[in-house]
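Beneath this line is the structure, given in structure tokens, with notes to follow.
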There are 2 protein chains.
Amino acid sequence: MTARVFVSLKSTVLDPQGQTVRAALNGLGYRGISGVRQGKFFDITLAPDVTPEQARRDIETVAHEVLANPVIEEYRIELLD
Amino acid sequence: MTARVFVSLKSTVLDPQGQTVRAALNGLGYRGISGVRQGKFFDITLAPDVTPEQARRDIETVAHEVLANPVIEEYRIELLD
């Protein structure tokens, strides 16, 4: 089983990395780009002997406790197969 | 218009960051997690006066030339609205 966890800054939190990318792109001539926000994702593979319920629980805990900082970040989980 | 560009290491390229995350998760007791690969994504907002064709062209160029390193990374574009 594979899961993908997307982690991004909450929309109310400033994203200096994204702003820098936007400024760089504008400077390169891409003036139509008005905003960039950056995030990260994790493709997680689970051992085949893990039950789907256990997998779901583990991924949820891992996303909330380890991969994202719930104070400033939000996350979204996609279970692939 | 908004587009999302996903950038990840090619599957043939070693991902030390992902390996470190996997080792840390295993160490925390999540033994069912057998692999982690990390990637990043960019949410790009385009100015409303950009035509959809121009937007698509710009995003494609930006993804290929700036956001991803085609030697070791691959990218995927999702046009949102």
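The values are calculated or read from the model by the stated rules, or taken from the named source; none is laboratory data. No experiment lies behind these values; they were computed from the predicted model shown. Positions of Cβ are generated from backbone atoms using ideal geometry, with glycine treated the same way; all protein chains shown enter the neighbour counts. The protein model used for the area step is the full one, side chains on, heavy atoms only, and it has no ligands, DNA or RNA in it. Shrake-Rupley method; radii C 1.70, N 1.55, O 1.52, S 1.80 Å.
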If you go through the stretch A:1-39, how many residues are farther than 23 Å from B:MET1 by Cβ and outside any loop (DSSP other than H, G, I, E, B)?
6
In this structure, is A:ALA68 open to solvent by less than 50 Å² (accessible area, probe 1.4 Å) and at pLDDT 95 or above?
yes
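Okay, residues lined up against (1) touching a residue at least 24 places away in the same chain (Cβ under 8 Å); (2) open to solvent by 30 Å² or more (accessible area, probe 1.4 Å); (3) within 17 Å of B:ILE72 (Cα to Cα); (4) of a type in the set (D, E, K, R):
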position: B:THR2; (1), (2), (3), (4): yes, yes, no, no
position: B:LYS10; (1), (2), (3), (4): yes, yes, yes, yes
position: B:VAL13; (1), (2), (3), (4): yes, yes, yes, no
position: B:ALA24; (1), (2), (3), (4): no, yes, no, no
position: B:LEU28; (1), (2), (3), (4): no, yes, no, no
position: B:SER34; (1), (2), (3), (4): no, yes, no, no
position: B:ARG37; (1), (2), (3), (4): yes, yes, yes, yes
position: B:LYS40; (1), (2), (3), (4): yes, yes, yes, yes
position: B:ASP43; (1), (2), (3), (4): yes, yes, no, yes
May I ask you to verify whether B:GLN54 is of a type in the set (S, T, N, Q), open to solvent by less than 60 Å² (accessible area, probe 1.4 Å) and either within 24 Å of A:GLY18 (Cα to Cα) or not in a loop (DSSP other than H, G, I, E, B) (or both)?
no
Test set (1) under 19 Å from A:ALA68 (Cβ atoms); (2) more than 8 Å from chain A (Cβ to nearest Cβ) - B:ILE33 fails condition number
(2)
